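One structure is given here, and the rest of the page talks about it.
The values are calculated or read from the model by the stated rules, or taken from the named source; none is laboratory data. Keep in mind it's a predicted model, so treat the numbers as computed, not measured. Here the Cβ positions follow ideal geometry from the backbone for every residue, glycine too, while neighbour counts run over all protein chains shown. Note: accessible area is taken over every heavy atom of the protein model, side chains too, but ligands, DNA and RNA are not part of it. Shrake-Rupley method; radii C 1.70, N 1.55, O 1.52, S 1.80 Å.
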Amino acid sequence: MTTMVVGIDLHHAPPNSVRPSHAAVVASLDKNCTQFKTVVGPQQKTRTEEITDLKGKMRQCVRTFVENNGMRPDRIIIYRDGVAQNMFAEVIKNEITAVQAAMFEEGGSGYSPELVYVVCQMRTKARLAMPGPNGQIPRGQGGSVPPGTVIDTAITEAGMFDFYMVPHHALKGTARGSHYWVLQNDARLTANDVQRFTFDLCHLYQRATKIVSRPAPVYYAHRAAFCAQYYTSGYQEDDGKWETSSVMSSAGSDESSFSTASVGTAM
């Protein structure tokens, strides 16, 4: 079964800045998840989590996937960063619906790939540590849990498909785990399937030589959304001391042309 793994994230400008927020969607193009299509664009509403034209961005990713593989993906696994729990209903209503609409427009009524939608929350207050022989939590790395530790009972939400994972070594102090919520699971993957796949993706981030704390597509989307501001025509720092022109300025200064442009492969 052909699978496309997608990472989605947004970058917001600092408070009081006039610069727009930017959204990024990255999608894997090969079975090893080492080549990615990157689509970025400015948000219509600054500092909101609702992604502008997610349907169009997903259609671009599917088209590039077909160009590289000669077939559409049978399964799409999405890792979405930066969504709070009180926004889950909005995500299901808007983003998942937009993805499904994009697939329908690309392949018609006969094309309905399995969709797995996972929210990744990094800013969690939960801290997982390994007690010492006397029951106390030792200071430093001695208290960190082993890489790959998963907690999916006791502290998870009743009636929800969620889990905590610490996939990495702590470089300093106690390792901070991420909280994952599976909001859509058309593939009927088991908890072990999702957790193992998520753990494996944490080994594929090509900008690091170590296991990272989140899946690689999430990191790529985060990086692409952050760098998108520098490709905007007429970009200027908030202090106004310097500015750079867009690498796409030769195509004109129309901002809409940037909203659906690929900025290269996240490698």
Looking at 67, 95, which is the one that is modelled with pLDDT of 85 or more and under 22 Å from the mean Cα position of the chain (by Cα)? 95
Segment 174-183, residues that are touching a helix residue (DSSP H, G or I) at 6+ places or on another chain (Cβ under 7 Å), of a type outside the set (A, V, I, L, M, F, W, C) and either at pLDDT 95 or above or surrounded by fewer than 18 Cβ atoms within 10 Å (Cβ to Cβ) (or both): 180
Provide a single number: the residues in segment 169-193 that are β-branched (Val, Ile, Thr) and closer than 19 Å to residue 82 by Cα. 1
Going by the structure shown, is residue 235 in contact with a helix residue (DSSP H, G or I) (Cβ under 7 Å, 6 or more places away or on another chain) and at pLDDT below 95? yes
Those residues of segment 115-149 which are modelled with pLDDT of 80 or more and touching a Pro at 6+ places or on another chain (Cβ under 9 Å), in sequence order: 118, 120, 147, 148, 149
Across segment 143-170, what is the total count of residues that are open to solvent by 30 Å² or more (accessible area, probe 1.4 Å) and over 23 Å from the mean Cα position of the chain (by Cα)? 6
Give, as residue ranges, the helices (runs of 4 or more DSSP H) completely inside segment 12-115 that count at least 1 residues that are open to solvent by less than 30 Å² (accessible area, probe 1.4 Å), in contact (Cβ under 8 Å) with a residue 60 or more places away in the chain and closer than 24 Å to residue 182 by Cβ. 54-69, 88-91
How about segment 195-213: which of its residues are open to solvent by less than 30 Å² (accessible area, probe 1.4 Å) and within 15 Å of the chain's Cα centre (by Cα)? 198, 201, 202, 205, 212, 213
Within segment 210-232, the residues that are polar (S, T, N, Q) and either farther than 21 Å from residue 5 by Cα or at pLDDT below 90 (or both) are 229, 232
